[in-house]
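Contents: one structure, followed by commentary.
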Amino acid sequence: MDNQERQKIIYIIVVICALLLILRSAQLQLFTKKYKEQAAKTTLFKNVIYPSRGLLYDRNGKPLVLNYPIYEIQAIKNKIQAGMDTVEFCKLLNIDKTTFIKNLQKDWTNPKFHKAIPFVFLNKISPEQFAVFQEHMFKFPGFYPVQRYIRAYPHKNGAHVLGYMGEVNQEIIDRFKDKYAPGDYIGISGVEYAYENELSGRKGVKYILRDNLGRKVGSFDNGSLDSTAVSGEDMELGIDLDLQAYGEMLLQNKRGAIVAIEPSTGQILALISSPGYDPNLLTLNENRGEGIFKLVNDSIDKPLNNRAVTNKYPPGSIFKPILSLIALEKGTTYPSKPIFCPGFYRLSGSKVQKCHAHVSASDISSAIQHSCNTYFFQMYRDFVDQYGYKNPGVGLDTLVSYLEDFGLGNRLGVDVSYENKGFIPNSEYYNRLYRKESNGWRSVWTLSLGIGQGEMQLTTIQMANLAAILANRGFFYTPHLIKKYISGKALPLKYTIPEKVRIHKRHFAPVIDGLEKVVLFGTARVAYVQGLDICGKTGTSENVHGEDHSVFFGFAPKNSPKIAIAVFIENAGFGAQWAAPVASLMIEKYIKKEISPDRKYLEDKMIKGILVENPAELIEIEE
């Protein structure tokens with residue numbers, strides 16, 4: 001190889017190396033953000049602006065939650081200078097050296113903390129301290145003042161409706177990297193959870209240019225990269241605050257739930273779970289730890305449990321009107337059908353199911369009025385055995401398919417953090433239960449379903465929705481807490497489109513007449529209120545573990561109903577003893593706005609009634 005060829009090869013190698021260097025330089029400077037971001041960090045401060053969370057109002061415009069500004073100091077461990085003046089720093093924030101050291105000590109092995117990510121160094125400083133620190137923050141690199149908002153509650157009502165906030169965990173941060181960062185708050189339950197996206201708003205950001213001493217010298221690039229914070233959506237709920245507070249007062253020292261619905265819209269007027277608690281107990285303040293400890297460790301009353309949507313119970317006799325409608329639709333009974341009741345229903349031989357004393361039912365209306373077990377045992381058997389007594393499974397599954405139309409056996413889709421779907425047994429369930437029976441099972445073995453007992457279980461909100469279906473004569477709107485967005489944004493379609501049941505409208509007349517007679521002359525005479533035309537049904541939900549549960553559902557007025565309601569009070573006995581009076585007082589309060597003088601004695605009895613072993617006041621923050 002001669003010199004000319006050797007020079008040519010060297011020249012090619014040099015050119016290739018030069019090209020590689022140019023390409024690498026371009027990659028680092030033009031196409032890779034890593035080094036650009038590192039350079040920016042030495043000159044820019046990214047100031048996150050937290051939005052105001054959307055406000056909540058009741059249906060009459062009364063505020064349910066407020067936003068309370070709090071001020072805190074955040075720190076980034078890697079940016080704190082070792083030689084900073086800790087004496088002046090502590091003096092500005094009114095803390096001692098021990099607190100300074102303690103607040104900087106974090107478990108850096110925990111993914112929650114990182115030396116390059118801001119963490120809360122000091123929370124809830126005064127507005128004056130916040131303002132003063134802003135003026136001197138250039139002296140203390142690595143420390144930044146931040147303004148946030150926490151929830152405050154002007155009333156002690158609706159804790160289970162509103163829900164509460166909590167700090168995001170690592171899973172949420174990983175799933176929503178562009179929205180949440182360590183130290184951010186998120187809705188944990190109730191409306192706060194269900195409408196987190198709408199209520200949370202959007203963060204803003206302001207890039208601030210600083211000199212080599214950390215002092216602010218202006219905005220970066222004339223603010224071209226800045227963005228303003230967008231406040232969350234303000235919402236009006238269907239809740240009537242006065243009715244909600246009244247219901248909570250009626251249920252004090254009792255365990256149970258009340259759900260009231262506006263039938264024409266599906267808006268929830270009141271959703272009460274008792275025992276309850278003061279929502280301020282779980283605001284993000286220094287008392288929060290104590291509050292959570294009280295609530296979580298109350299294993300008897302379980303105040304955090306929303307009994308209205310999570311607890312499921314046998315509905316008892318309030319199921320009888322629903323069975324009547326389905327039997328009428330399928331033609332296994334007719335409105336004027338009489339059934340003799342000798343005070344019991346004979347199963348076989350000497351085995352009988354008892355019924356309470358009353359005149360025999362001459363038709364469906366009177367059967368509902370007197371809540372005749374014998375009548376509905378026979379109605380249930382006629383329906384389930386319509387395809388032959390050896391094929392009860394087909395009849396039962398037919399019944400179940402209609403019950404699903406009524407929203408039973410599935411979640412309704414209520415806008416809460418968790419909703420139980422209850423339980424409606426079908427043929428598959430009984431096939432498994434009686435799998436050892438060579439000839440299968442028979443309708444008489446499941447007879448208790450005909451009066452809302454046995455394995456059947458509903459939530460209180462499902463019971464209230466049944467009352468709304470009766471009030472509307474055949475349809476319902478999915479029950480929901482939201483009434484409207486203040487901005488005018490459209491509601492989810494599922495809350496605006498009616499769900500229809502497969503029952504002809506003509507079948508509702510005899511059933512509703514029976515419900516009216518229950519209040520006028522039957523088991524719920526205590527619920528009568530002059531001029532309100534209340535239609536309803538009492539129930540006694542059998543409880544093998546103790547005292548039976550008291551149940552009532554109904555609506556008013558009979559024509560053009562304004563409210564549908566269900567009341568379930570645990571271990572309270574007959575439906576007429578507690579649930580019916582409470583429901584009638586709620587109806588009267590909502591429609592008339594006050595309780596008539598001749599019913600004040602009943603109101604007083606319900607309020608003062610104690611049905612728990614260890615009565616306690618509403619759990620509140622100690623002043």
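The values are calculated or read from the model by the stated rules, or taken from the named source; none is laboratory data. Keep in mind the model is a prediction, meaning the values are calculated, not measured. Note that we place each Cβ from the backbone using ideal geometry, even for glycine, and neighbour counts take in every protein chain shown.
Would you confirm whether any residue within the stretch 570-578 is touching a residue at least 24 places away in the same chain (Cβ under 8 Å), outside any loop (DSSP other than H, G, I, E, B) and on the phi < 0 side of the Ramachandran plot? Steps first, answer last, please.
Kept after step one, since they are touching a residue at least 24 places away in the same chain (Cβ under 8 Å), are these residues of the stretch 570-578: 570-578.
Checking the rest, the ones that are also outside any loop (DSSP other than H, G, I, E, B) come to none.
Checked against the condition, which is being touching a residue at least 24 places away in the same chain (Cβ under 8 Å), outside any loop (DSSP other than H, G, I, E, B) and on the phi < 0 side of the Ramachandran plot, the stretch 570-578 yields no hits at all.
Tell me, which strands (runs of 3 or more DSSP E) lie completely within the stretch 163-239 with 3 or more residues that are modelled with pLDDT of 95 or more and either touching a strand residue (DSSP E or B) at 6+ places or on another chain (Cβ under 9 Å) or among the polar types (S, T, N, Q) (or both)?
Details: elements: 165-167, 185-187, 204-210, 216-219, 235-237.
Because the criterion is at least 3 residues that are modelled with pLDDT of 95 or more and either touching a strand residue (DSSP E or B) at 6+ places or on another chain (Cβ under 9 Å) or among the polar types (S, T, N, Q) (or both), the strands (runs of 3 or more DSSP E) in the stretch 163-239 that meet it are 235-237.
Name the pairs: first residue in the stretch 428-450 and closer than 17 Å to Y389 by Cα, second residue surrounded by 13 or more Cβ atoms within 10 Å (Cβ to Cβ) and among the basic types (K, R), Cβ to Cβ under 6 Å, at least 6 apart or on different chains?
S443/R381
Looking at N559, N571, can you tell me which residue is within 26 Å of G454 (Cα to Cα) and surrounded by fewer than 21 Cβ atoms within 10 Å (Cβ to Cβ)? Lay out the reasoning, then the answer.
Numbers: N559 fails: within 26 Å of G454 (Cα to Cα).
It is N571.
Collect the residues in the stretch 270-285 that are outside any loop (DSSP other than H, G, I, E, B) and either touching a helix residue (DSSP H, G or I) at 6+ places or on another chain (Cβ under 6 Å) or among the basic types (K, R) (or both), keeping them in residue-number order.
Taking the stretch 270-285 first, the residues outside any loop (DSSP other than H, G, I, E, B) are 270-274, 277, 279-282.
Passing the criteria: A270, L271, I272, S273, Y277, P279, L281, L282.
So for the stretch 350-367 (the condition being assigned to a strand (DSSP E or B) and touching a residue at least 60 places away in the same chain (Cβ under 8 Å)), does at least one residue qualify? Before you say what the answer is, go through the steps one by one.
Taking the stretch 350-367 as the starting set, the residues that turn out to be assigned to a strand (DSSP E or B) are 351-354, 361.
Filter once more, so that each one left must be touching a residue at least 60 places away in the same chain (Cβ under 8 Å): 353.
Yes, the stretch 350-367 contains a residue that is assigned to a strand (DSSP E or B) and touching a residue at least 60 places away in the same chain (Cβ under 8 Å).
From the list A471, A524, pick out the single residue that is under 22 Å from Q577 (Cα atoms) and either touching a residue at least 60 places away in the same chain (Cβ under 8 Å) or assigned by TED's automatic domain parsing to the domain that holds I591 (or both).
Working: A471 fails: under 22 Å from Q577 (Cα atoms).
A524 is the lone residue from the list that is under 22 Å from Q577 (Cα atoms) and either touching a residue at least 60 places away in the same chain (Cβ under 8 Å) or assigned by TED's automatic domain parsing to the domain that holds I591 (or both).
Is it the case, given these coordinates, that E594 is among the charged types (D, E, K, R) and free of Cβ contacts under 8 Å to residues at least 40 places away in the same chain? Please lay out each step first, then the result.
Working: among the charged types (D, E, K, R): yes; free of Cβ contacts under 8 Å to residues at least 40 places away in the same chain: yes.
So E594 fits the description; yes.
With respect to the numbered conditions (1) more than 37 Å from the chain's Cα centre (by Cα); (2) on the phi < 0 side of the Ramachandran plot, which one is the sole condition not fulfilled by G388?
(2)
For the stretch 78-93, give me each residue that is assigned to a helix (DSSP H, G or I), surrounded by 12 or more Cβ atoms within 10 Å (Cβ to Cβ) and touching a residue at least 60 places away in the same chain (Cβ under 8 Å).
Listed by number, the list holds a single entry, K79.
Under 30 Å from L243 (Cα atoms) and either touching a residue at least 60 places away in the same chain (Cβ under 8 Å) or outside the structural domain of Q252 (by TED's automatic domain parsing) (or both): which single residue out of V120, V161, V146, V168 fits that description? Explain how you work it out, then say what you get.
On the way: V120 fails: under 30 Å from L243 (Cα atoms); V146 fails: under 30 Å from L243 (Cα atoms); V168 fails: under 30 Å from L243 (Cα atoms).
Selected residue: V161, the only one of V120, V161, V146, V168 that is under 30 Å from L243 (Cα atoms) and either touching a residue at least 60 places away in the same chain (Cβ under 8 Å) or outside the structural domain of Q252 (by TED's automatic domain parsing) (or both).
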